[in-house]
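Enquirer: Before we start, here is the structure in question, set down as structure tokens.
The values are calculated or read from the model by the stated rules, or taken from the named source; none is laboratory data. Since we're looking at a predicted model, the values are computed, not measured. Glycine also receives a Cβ, built like all others from the backbone with ideal geometry; neighbour counts cover every protein chain displayed.
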Amino acid sequence: MLAVVRIGGRIDIKPDIKKTLESLRLTKKNHCVIVMEDEKIIGMLKKCKDYITWGKISPDILRALIAKRGRLIGDKKIPSEKVEEIAIAIENNKKTGIKPVFRLHPPRKGWKNTKQAYPDGDLGQRENIDDIIKRMM
């Protein structure tokens, strides 16, 4: 599973990239979605690499993300006894009944650089995204 976080804003985006971001449900900055590793999804992510960062998410960070920032339909918090059940459903790519987008805060201590790719900045693919998500929860 991959976690995808939108970094870039909405100004001066090409229409095809904007459409791809909407297909990924990343409509605003600091939004995060969980997607399965698939050839088509990877192609979409590479197309939007100048506006997002993505990487593998560990199961414990996924559970923390669901518990803290996950929302049921109607914008209600997820009860703590359902977190494990929802995490297993997400890992198995099944319907969960939660909103697909996690609204995160900007990261504590800020972004490294939002104009350069991963080793020097924050854009594009990274080995794991756990540290960024921890700072944004």
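Enquirer: Working only within segment 93-118, note down all residues that are within 19 Å of residue 71 (Cα to Cα) and more than 17 Å from the chain's Cα centre (by Cα).
Expert: 94, 95, 97
Enquirer: Can you tell me which residues in segment 114-137 are polar (S, T, N, Q) and either without any contact (Cβ under 8 Å) to a residue 40 or more places away in the chain or surrounded by 15 or more Cβ atoms within 10 Å (Cβ to Cβ) (or both)? Outline the logic, then answer.
Expert: We begin by selecting, within segment 114-137, every residue polar (S, T, N, Q); these are 114, 116, 125, 128.
Of everything in segment 114-137, those that are polar (S, T, N, Q) and either without any contact (Cβ under 8 Å) to a residue 40 or more places away in the chain or surrounded by 15 or more Cβ atoms within 10 Å (Cβ to Cβ) (or both) turn out to be 114, 116, 125.
Enquirer: Looking at segment 3-13, can you tell me whether even one residue there is over 18 Å from residue 99 (Cα atoms), in contact (Cβ under 8 Å) with a residue 60 or more places away in the chain, assigned to a strand (DSSP E or B) and among the β-branched types (Val, Ile, Thr)?
Expert: No: zero hits.
Enquirer: Also: Go through the residues of segment 95-104 one by one and say whether even a single one is more than 21 Å from residue 130 (Cβ to Cβ) and either surrounded by fewer than 13 Cβ atoms within 10 Å (Cβ to Cβ) or of a type in the set (Gly, Ala, Ser) (or both).
Expert: Yes, segment 95-104 has at least one match.
Enquirer: Next question. Considering each residue of segment 29-55, count those that are within 21 Å of residue 68 (Cα to Cα), touching a Lys or Arg at 6+ places or on another chain (Cβ under 6 Å) and aliphatic (A, V, I, L, M), and give that number.
Expert: So the answer is 1.
Enquirer: For residue 41, are the conditions met, namely being surrounded by 18 or more Cβ atoms within 10 Å (Cβ to Cβ), of a type in the set (A, V, I, L, M, F, W, C), modelled with pLDDT of 90 or more and within 12 Å of residue 2 (Cα to Cα)?
Expert: No, not satisfied.
Enquirer: From the set of residues in segment 51-79 that are over 15 Å from residue 97 (Cα atoms) and small (Gly, Ala, Ser), which is nearest to the chain's Cα centre (by Cα)? Before the answer, list the steps.
Expert: First, pick out the residues of segment 51-79 that are over 15 Å from residue 97 (Cα atoms): 51-65, 68.
Of the ones still in play, those that are also small (Gly, Ala, Ser) are 55, 58, 64.
On the way: 55: 9, 58: 13, 64: 14 Å.
Looking at the filtered set, the residue picked out is 55.
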